[in-house]
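**Q** Got a structure here, written out as structure tokens. Questions coming.
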Amino acid sequence: MGIFDFLSGQFIDVIHWVDDTRDTMVWRFEREGHEIKYGAKLTVREGQAAVFVHEGQLADVFTPGLYMLETNNMPILTSLQHWDHGFKSPFKSEIYFVSTTRFTDLKWGTKNPIMCRDPEFGPVRIRAFGTYAVRVTDPGLFLTEIVGTDGEFTMDEVSFQIRNIIVQAFSRVIAGSGIPVLDMAANTRELGDMVAKEITKIVADYGLAIPEFYIENISLPPAVEEALDKRTSRGLAGNLDEHMKWSAAEALQKGGAASEGMGAGMGMGLGMAMAQQGTHAIQGPWGAAPAPQAARPAPPPPPPPEKVWHIAEHGETQGPFSRATMGQKASTGQITRETLVWTAGQDGWMKAEDVPDLATLFTVMPPPPPPAP
């Protein structure tokens, strides 16, 4: 073995990338002067791709595996370099490692409300947010369209543009879906699939794909949510009048606790004001007591309701009769002490002589008539 063969074996390059971050999408293999020895070993791990850029042109893309960088496995680079077989001098190329794994749990959301037309409520504004995942499907296209010559490209550098694409696609899908606002929560999966398809068509031009897209929440403005809550409360209350009574009771209950501490002070202030007004009325405008006014007589109480009686004879009921009528019947013998009578408030039928109001009808007899002239 010659000295040159020994030195050539000692300086064979080993090119690889071990990613210890969670957001690096592209990493450039750094080499002094970008010189890579012919016959170097290239290791591309699972979830990676290696892109060779030679003199500003995309040369080769290597998928996962172990490669010896020779003319037989670098056809495009060989044609660009115009190598002959057996040419073993170093060549200058840039190697970019591209992560092809999924970048998950990325956030998206509508910065401003989206205007849409609801079949029940008319024009409404909604907000939405959720998560998505992205992965590189075409490393060469992604490198030329997005990364350029960036030596370390992270997910944050492209996520802003993707979020704008998501919001635009979401607005277009929501406006054309025709799904009522109240039913969107039950159709988030279908809406997510529709939005993901729209996004994939756009990001495919960047060499990207959206394998996962989720809508976590769709919300209305606070004023609309408050109106819906009141509408729900009315529905639970049923009757609008009952709902108003319930609302008034709730307001009194909430206000009572707040004003309990002020009640004593307000009562004392009101009492002092009334006392001052009473003193002013007694003293008069010049301090002298005014002449007393004649006391007005109280109105007489209403007369008690007159009792009436029913009479039971021969299995039949007669009446009602006033006490005067009962007196006439007693004087003519139509009723006797044994006659059964009843009046309101009396416990069952009783003999006339046992009723205090009628017993006197049989003890007071008129005096004998005067003699004939």
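**Q** Of the residues Thr200, Thr137, Thr110, which single one is closer than 30 Å to Val18 by Cβ and in contact with a strand residue (DSSP E or B) (Cβ under 8 Å, 6 or more places away or on another chain)?
**A** On inspection, the qualifying residue turns out to be Thr137.
**Q** So, one more: Suppose we filter Ile166, Ile179, Ile174, Ile199 for residues that are assigned to a loop (DSSP other than H, G, I, E, B), modelled with pLDDT of 80 or more and either more than 19 Å from the chain's Cα centre (by Cα) or among the hydrophobic types (A, V, I, L, M, F, W, C) (or both); which single one remains?
**A** Answer to the selection: Ile179.
**Q** I would also like to ask the following. Suppose we keep only residues that are more than 14 Å from Asp118 (Cα to Cα) and without any contact (Cβ under 8 Å) to a residue 40 or more places away in the chain within the stretch 158-184. Which one would you say is surrounded by the most Cβ atoms within 10 Å (Cβ to Cβ)?
**A** Checked the stretch 158-184; the qualifying residue surrounded by the most Cβ atoms within 10 Å (Cβ to Cβ) is Ala169.
**Q** If the requirement is being in a loop (DSSP other than H, G, I, E, B), in contact with a strand residue (DSSP E or B) (Cβ under 7 Å, 6 or more places away or on another chain), at pLDDT 80 or above and exposed (fewer than 10 other Cβ atoms within 10 Å of the Cβ), which of these qualifies: Glu306, Glu338?
**A** That would be Glu338, the only listed residue that is in a loop (DSSP other than H, G, I, E, B), in contact with a strand residue (DSSP E or B) (Cβ under 7 Å, 6 or more places away or on another chain), at pLDDT 80 or above and exposed (fewer than 10 other Cβ atoms within 10 Å of the Cβ).
**Q** Shifting gears a bit: Mind checking which residues of the stretch 208-220 are over 30 Å from Val98 (Cβ atoms) and either of a type in the set (A, V, I, L, M, F, W, C) or not assigned by TED's automatic domain parsing to the domain that holds Val136 (or both)?
**A** If the condition is that a residue be over 30 Å from Val98 (Cβ atoms) and either of a type in the set (A, V, I, L, M, F, W, C) or not assigned by TED's automatic domain parsing to the domain that holds Val136 (or both), then Ile218, Leu220 are the ones that fit.
**Q** Restricting to strands (runs of 3 or more DSSP E) lying wholly in the stretch 21-109: which have 1 or more residues that are modelled with pLDDT of 85 or more and touching a helix residue (DSSP H, G or I) at 6+ places or on another chain (Cβ under 9 Å)?
**A** In the stretch 21-109, the matching strands (runs of 3 or more DSSP E) lie at 24-29, 48-54, 57-62, 94-99, 103-109.
The values are calculated or read from the model by the stated rules, or taken from the named source; none is laboratory data. For clarity, every value in this text was computed on a predicted model and none was experimentally measured. As a convention, Cβ positions derive from the backbone with ideal geometry for all residues, glycine included, and neighbour counts pool all protein chains shown.
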